[in-house]
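Each remark here refers to the structure printed beneath this line.
Read-outs throughout are calculated quantities, based only on the coordinates presented, and are distinct from any laboratory measurement. Only a predicted model underlies this, so the values are computations on that prediction, with no experimental measurement involved. Because the Cβ atoms are built from the backbone with ideal geometry, glycine has one as well, and the counts that use them run over all protein chains shown.
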Amino acid sequence: MAEEKILLILGAGASLPYNFPLGRELLFQTAHNLHSTTDVQRLLNQMGHGMDEIKRFADELVESNQPSIDAFLYYRGNYEELGRRAMAAELITREHDKMLRRRQQEEWYEYLFSRLVGPVEDFPAKPVEVVTFNYDRSLERFIEIAVKSSYGVSEEEASALRQKIPIHHIYGDLGALGEEVTAESRPYTPELSAAVVSTAAKRICLLGGERSDTKQIAAAKEMVGYASKIAFLGFAFHPLNVKQLGIVKEADTPCIATLYQASTNERNRVKNLFARPIDTRDFDCISLLRQIDIIG
């Protein structure tokens, strides 16, 4: 009998408990910081973006009424470089190990790790794989910290164990984490510089970009093809993102999703994107994992 494969597909809501905003919040926070005298504004100005351009971008970002910066840049390619740098800078400032610490109330990263932990030689104890549409690396860093303290291993050994869990960032990330040091490596830290932001921004790809033949997309589609369970956590179900995964195709593997506080019409729109069963629940991420037998 083939080994069961569990695929978690993450949207912005999955990182929300760990200091990373939803698309709407990121849009407003970025616009506010670009209109104020902040480190992000000064840095972008030092990188060659004039103050008029920066403030015009901030104004039009809000006035566009688009749900996210990515969606705005889908239509306004003239702002692509500035937009990617602004997003990278804002997200980098949120990379704090302290925000990943255990809380009084359990969050879903902690719950997930509790299902994966076991003898070190068997880590991870469950065959979980992850596809994420987020740029942040909070899940990778959380697992590294938990593995290091659970097993008493070095940072390098913790990173190697974490990498046994496939995590594919569909639209790129803020820097290679815990891998062989390269020009694109970045530790999990909020420190900003022109070089850091430039490197991170180059790793970011935007909604609807030409990525259908990339390694990440191919790996994600392969995972979708062989997964025995698929769970969407904190996912907004933009049609272009669903299409990237190939889940619109008919298949026997059912999907389950968090659609927290969604209306009936919103649930129906999500179901209409799929040619396979999808069970939508009014749960947050941890409630879904606790109450539905996804990980085991």
With the checklist (1) free of Cβ contacts under 8 Å to residues at least 40 places away in the same chain; (2) within 16 Å of Leu10 (Cβ to Cβ) in hand, flag the one item Ala236 doesn't pass. (1)
Exactly one of (1) surrounded by 14 or more Cβ atoms within 10 Å (Cβ to Cβ); (2) of a type outside the set (A, V, I, L, M, F, W, C); (3) in contact (Cβ under 8 Å) with a residue 40 or more places away in the chain; (4) under 25 Å from Gly13 (Cβ atoms) is unmet by Glu106. Its number? (1)
Can you name every residue in the stretch 1-53 that is touching a helix residue (DSSP H, G or I) at 6+ places or on another chain (Cβ under 7 Å) and in a loop (DSSP other than H, G, I, E, B)? Lys5, Asn19, Phe20, Pro21, Leu22, Met47, His49
Note on Ile92: of the conditions (1) more than 30 Å from Gln66 (Cβ to Cβ); (2) out of contact with any Phe, Trp or Tyr (no Cβ under 7 Å at 6 or more places or on another chain); (3) of a type in the set (A, V, I, L, M), unmet is (1)
Filter the stretch 74-89 down to the residues that are crowded, with 23+ Cβ neighbours inside 10 Å and in contact (Cβ under 8 Å) with a residue 60 or more places away in the chain, then identify the one that is nearest to Glu25 (Cα to Cα). Met87
Just to be sure, is Ile247 aliphatic (A, V, I, L, M), part of a loop (DSSP other than H, G, I, E, B), within 24 Å of Leu139 (Cα to Cα) and out of contact with any strand residue (DSSP E or B) (no Cβ under 6 Å at 6 or more places or on another chain)? yes
Name the residue, out of Glu191, Glu144, that is surrounded by fewer than 22 Cβ atoms within 10 Å (Cβ to Cβ) and either farther than 17 Å from Tyr109 by Cβ or of a type in the set (D, E, K, R) (or both). Glu191
Within the stretch 51-68, does at least one residue satisfy the condition of being in contact (Cβ under 8 Å) with a residue 12 or more places away in the chain, farther than 28 Å from Glu110 by Cα, surrounded by 14 or more Cβ atoms within 10 Å (Cβ to Cβ) and among the basic types (Lys, Arg)? yes
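Table: residues versus (1) under 18 Å from the mean Cα position of the chain (by Cα); (2) closer than 30 Å to Tyr79 by Cα; (3) assigned to a helix (DSSP H, G or I).
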| residue | (1), (2), (3) |
| --- | --- |
| Ala195 | no, yes, yes |
| Asp252 | no, no, no |
| Tyr260 | yes, no, no |
| Arg290 | no, no, yes |
